[in-house]
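Have a look at the structure below, then the notes.
None of the figures in this text is laboratory data; all of them are computed from the coordinates on show. These figures come from a predicted structure and were not determined experimentally. Note: ideal-geometry Cβ built from the backbone for every residue, glycine included; neighbour counts use all protein chains shown.
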């Protein structure tokens, strides 16, 4: 695709919200998803890769999939299957059949380096999981960061309100060393959608129920993959709506105009410490002298986000 289409590469640990974010990107009328890379995170990388394939099958599209790192750079793998289900898609994959889709043989990080050179300065990279693949790409090619026009990532707890530890958000906690490399790499246009931004921008249950009741194949898929997570959030945790961390990051990538407020500040990642490992340290008063290289998204137009979700799921 050419013309006014935005090119997107998505790096994902495809759980429930990742799948919704991928759906949003595939459904967006002026976006061309040129590749999807997978990484260990919500579930192991083999399940992640299968979940991406299921999502692409729903759209009957041939976006290439590149399997990525199965382990963090140093630490042991951690997963979030308690939230996303044992398969990462709410426990529904046993009832789904996969199309005849081949995963590319090229490793994800190598593909990221190659594609970044091929589309230098012309694409947005959307990172929805632990940053292992990106960190490896940074180390493989010093020019990688400058070939990425914009990096939008879901990750971090900017007020230390962690969901994987008291201080750390899952995507950063799962591979702090990789996150430290990425945040320190010097990406020219880096946008961060944090866990706190997720908490302050839920999809109201009335909107969620309306989306789940739409009569389309996409709505049926949406309803099935979110049922387990929605029950946890609504009945067990008492949240005022359905939390959509990765779709919010996708929305920022697809339509920056829905950002109401963001601050550009230095961000670094703590890799040691009993309590602080995986903490995204935000220099709110710019005392460190480090570059203010990260745009921290703080407020979004949620009506626009819900409308994007409706357009995606209505099909």
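So the values come out like this:
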{"item": "Beta bridge orientation in the stretch 191-315: antiparallel %, DSSP, nearest 5", "result": "80"}
{"item": "Estimated inter-spin distance, residue 264 and residue 78, nm [label 7 Å along Cα→Cβ]", "result": "3.2"}
{"item": "Full-extension gain in nm, residue 311 to residue 98, via 0.36 nm per residue minus C-alpha separation", "result": "74.2 nm"}
{"item": "Euclidean distance of C-alpha centroids, the stretch 5-27 and the stretch 257-283, integer Å", "result": "23"}
{"item": "Choice from 250, 219, 21 with maximal GNM fluctuation in the chain (Cα, 10 Å cutoff)", "result": "219"}
{"item": "Inter-probe distance in nm under a simple model that places probes 7 Å from Cα toward Cβ, at residue 284 and residue 215", "result": "5.0"}
{"item": "Answer label for Cα Rg over 2.2 N^0.38 Å (calculated), chosen among (1) 1.15; (2) 1.21; (3) 0.91", "result": "(3)"}
{"item": "Rounded to 5, the percent of DSSP beta bridges in the chain classed as antiparallel", "result": "30"}
{"item": "Potential extension, residue 140-residue 117 segment - 0.36 nm per residue separation minus Cα distance", "result": "7.0 nm"}
{"item": "Euclidean distance of C-alpha centroids, the stretch 172-249 and the stretch 97-165, integer Å", "result": "18"}
{"item": "Sorted by Cβ neighbour density within 10 Å, fewest at the top, the residues 66, 239", "result": "239, 66"}
{"item": "Separation of the residue 32 and residue 227 label points, Cα + 7 Å toward Cβ, nm", "result": "3.9"}
{"item": "Helical mean residue ellipticity (222 nm; -39500 (n - 2.57) per DSSP H run of 4+; nearest 500) of the chain", "result": "-10500 deg cm²/dmol"}
